Amino acid sequence: MKIRHPKGLPVLFFTEMWERFSFYGMRAILVLYLTKETIGENPGMGWSNSDALVLYGWYTMLVYVMAIPGGIIADKFLGQKKTVLIGGILIAAGQLTLAVTSEVFFYSGLMLIIFGVGLLKPNISTMVGGLYKEGDPRRDSGFTIFYIGINIGAAVAPLIVGYVGEVYGWHIGFSLAGFGMIFGQLVYLWGQKHLTEVGNYTPSPKIEGTKNNKPLTSIEKDRIIVLLISFLIVIIFWGAYEQAGGLMNLYTKEKINRMIFGWEIPASTFQSVPAIFVILFGTAVAAFWEKRNRKGKESSSIFKMAIGTIIMGTGFLMMTGAAIEAQTSEKALLIWLILSYLLQVIGELSISPVALSFITKLAPVKYASIMMGVYFAATGLGNKLAGLVGEFAQNAGELEVFAGIFVFCVFFGLLLLVFFKKLKKLTHGAENINSEEPVELT
Ligand code: GLN
């Protein structure tokens with residue numbers, strides 16, 4: 001059965017694809033630029049590795065934490081549609097500011113990007129949810145498609161911006177990221193005709209001229225509780241998964257045999273592997289859950305998240321295998337790393353697009369963007385946690401840390417499986433699908 005999605009979906013897909021191109025492109029060269037010496041060809045900022053990693057940790061956390069004010073601004077003042085537009089303008093301005101060689105411009109550029117992503121990222125995700133009516137069975141697959149767009153940007157950007165930044169100059173790399181965001185904005189502006197119904201500001205209903213908003217019902221409160229619990233899963237999930245850019249990246253460089261036909265693949269190239277796996281397997285994983293759902297088997301979001309955490313955790317069993325091998329023979333086989341990323345991505349696909357969709361089903365409409373903001377802030381905390389775990393591994397040893405992540409994630413996932421029915425009850429049927437046949441919105 002071919003499912004048709006609302007016409008607004010491709011608009012949001014391409015806007016977010018370019019935004020992620022800009023984000024991941026700049027992220028790929030940030031630390032390299034900071035640590036490059038200040039003299040010679042293509043000079044950088046001359047920072048130490050640890051100083052650069054500290055700034056990187058704060059930056060990746062703050063971009064996501066700013067999603068909370070970003071969500072509040074959309075809910076209380078502007079609506080998601082306008083907030084996304086302003087966010088995109090700030091990001092493009094920030095990237096182009098980074099293109100100028102000056103310390104003041106550098107920090108101002110970072111600040112602009114942090115505010116811009118905070119305004120754009122949560123709200124464009126909420127808008128995807130807004131394309132579907134309550135109970136529309138296409139919502140989850142809509143989010144999977146959107147998630148594939150994110151990862152096309154994430155897969156291509158490090159290769160292009162990374163290459164241009166390292167070979168032709170950092171500042172040209174930053175401007176390329178800026179032009180990516182400008183493309184995104186052009187797609188967004190062009191596609192406004194397909195977004196008339198979504199992301200508009202809806203003032204909270206006032207009671208009899210007083211300023212009090214209608215209080216939340218007990219069902220809404222229960223749903224918020226289950227959302228907050230799911231954010232804990234999110235922190236733990238990203239705390240493990242985000243090792244990819246840090247600890248696993250360094251480990252790939254030092255301990256994985258990257259020789260293929262006499263050529264050594266640069267470690268940074270493997271940063272695109274998870275995103276490529278998302279593109280390849282995104283629809284298959286979504287179809288698997290969809291099929292279970294249709295057969296009436298358990299496929300609620302918390303259940304998927306629990307299974308996703310376990311599968312992602314098993315990815316670290318592969319890294320444990322690599323670390324054991326590296327103890328005896330100097331370097332470990334590449335297949336460990338590839339299998340690890342594959343399992344992590346299958347886990348990611350059962351959590352990340354699912355969580356986005358789950359929030360849009362459960363959050364009361366007037367708090368929709370704020371809850372999305374809190375979700376991204378949780379992923380930001382996960383990023384910071386990942387950095388701390390990576391730092392800890394420098395003393396504790398990689399083998400112990402990889403094995404520890406595996407045991408912890410599997411244990412946590414199993415614990416969730418024990419309690420998921422209780423959590424599901426708190427959603428009060430928000431995940432029930434009303435109609436069997438897709439509604440045509442075009
Ligand atoms: N990789 C996904 C993205 O860039 C998820 C990131 C996150 O949730 N922190 O959107």
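Using C-alpha pairs below 8 Å separated by at least 6 residues, the relative contact order for the stretch 1-145 is 25 percent. Scoring 232-243, 44-55, 307-318 by mean Cβ neighbours within 10 Å over their residues and listing the highest first yields 307-318, 232-243, 44-55. About the centre of its Cα atoms, the stretch 108-201 shows a dipole size close to 100 debye [charges on the beta carbon of Lys, Arg (+1) and Asp, Glu (-1) only; nearest 20 debye].
Cβ-to-Cβ counts within 10 Å put Met61, Met305 in ascending order as Met61, Met305, the fewest first. From least to most packed, judged by other beta carbons within 10 angstrom and beginning with the fewest, Ile219, Ile148 follow the order Ile219, Ile148. Evaluating 6.51 cos²θ - 1.76 cosθ + 1.60 at θ = phi - 60° for every residue in the stretch 172-186, the Karplus couplings come out as 5, x, 4, 5, 4, 4, x, 5, x, 5, 5, 4, x, 5, 5 Hz, glycine and proline recorded as x. Note on the chain: with charges restricted to the Cβ of Lys and Arg (+1) and Asp and Glu (-1), its dipole about the Cα centre is near 1620 debye.
Taken one residue at a time, the phi angles of the stretch 250-261 give Karplus couplings (6.51, -1.76, 1.60, θ = phi - 60°) of 5, 5, 4, 5, 8, 10, 9, 6, 9, 7, 10, 6 Hz. Gly and Pro are set to x. Structure remark: mean-square fluctuation, Gaussian network model of the chain, C-alpha springs under 10 Å; the largest value among Gly153, Gly135, Gly390 belongs to Gly135. Taking the charge dipole of the chain about its Cα centre, with +1 at Lys and Arg Cβ atoms and -1 at Asp and Glu Cβ atoms, the residue from Pro364, Ile29, Leu90 reaching farthest to the positive side is Pro364.
With θ taken as phi - 60° and the Karplus curve 6.51 cos²θ - 1.76 cosθ + 1.60 applied, the whole-hertz 3J(HN,Hα) list for the stretch 96-113 is 5, 5, 5, 5, 8, 7, 6, 5, 4, 5, 4, 5, 5, x, 4, 4, 4, 5 Hz, x standing for glycine and proline. Sorting 69-81, 247-259 by average packing, meaning the other beta carbons within 10 Å per residue, from highest down gives 69-81, 247-259. The aspartates and glutamates within cross-link reach of Lys82, meaning a Cα-to-Cα straight distance under 17 Å and a gap of 8 or more places when in the same chain, are Glu16, Glu19, Glu197. The amide H of Ala332, built 1.01 Å from its N in the peptide plane, has Ile256, Asn257 as neighbours under 5 Å, considering only residues 5 or more places off or on other chains. Rounded, prolate or oblate: pick one for the chain, where a ≥ b ≥ c are the square roots of the eigenvalues of its C-alpha gyration tensor, a/c under 1.5 means rounded, and failing that, prolate if a/b is larger than b/c, else oblate. It is oblate, given that a/c is not under 1.5 and a/b is not larger than b/c.
Cross-link reach is defined here as a Cα-Cα straight distance under 19 Å, omitting same-chain residues fewer than 8 places apart; for Lys425 the lysines meeting it are Lys221, Lys297, Lys304, Lys361.
Express the relative contact order of the chain as a whole percentage, based on alpha carbon pairs under 8 Å and six or more residues apart in sequence.
Values: 762 pairs, mean separation 116.8, N = 442.
The normalised contact order for the chain reaches 26 percent.
Arranged from fewest to most other beta-carbon atoms within 10 Å of their beta carbon, Leu98, Leu112 become Leu112, Leu98.
No value in this document is a laboratory result; all are computed from the given coordinates. Here the structure is a predicted model, which is why all the values come from computation and not from measurement. Note: ideal-geometry Cβ built from the backbone for every residue, glycine included; neighbour counts use all protein chains shown.
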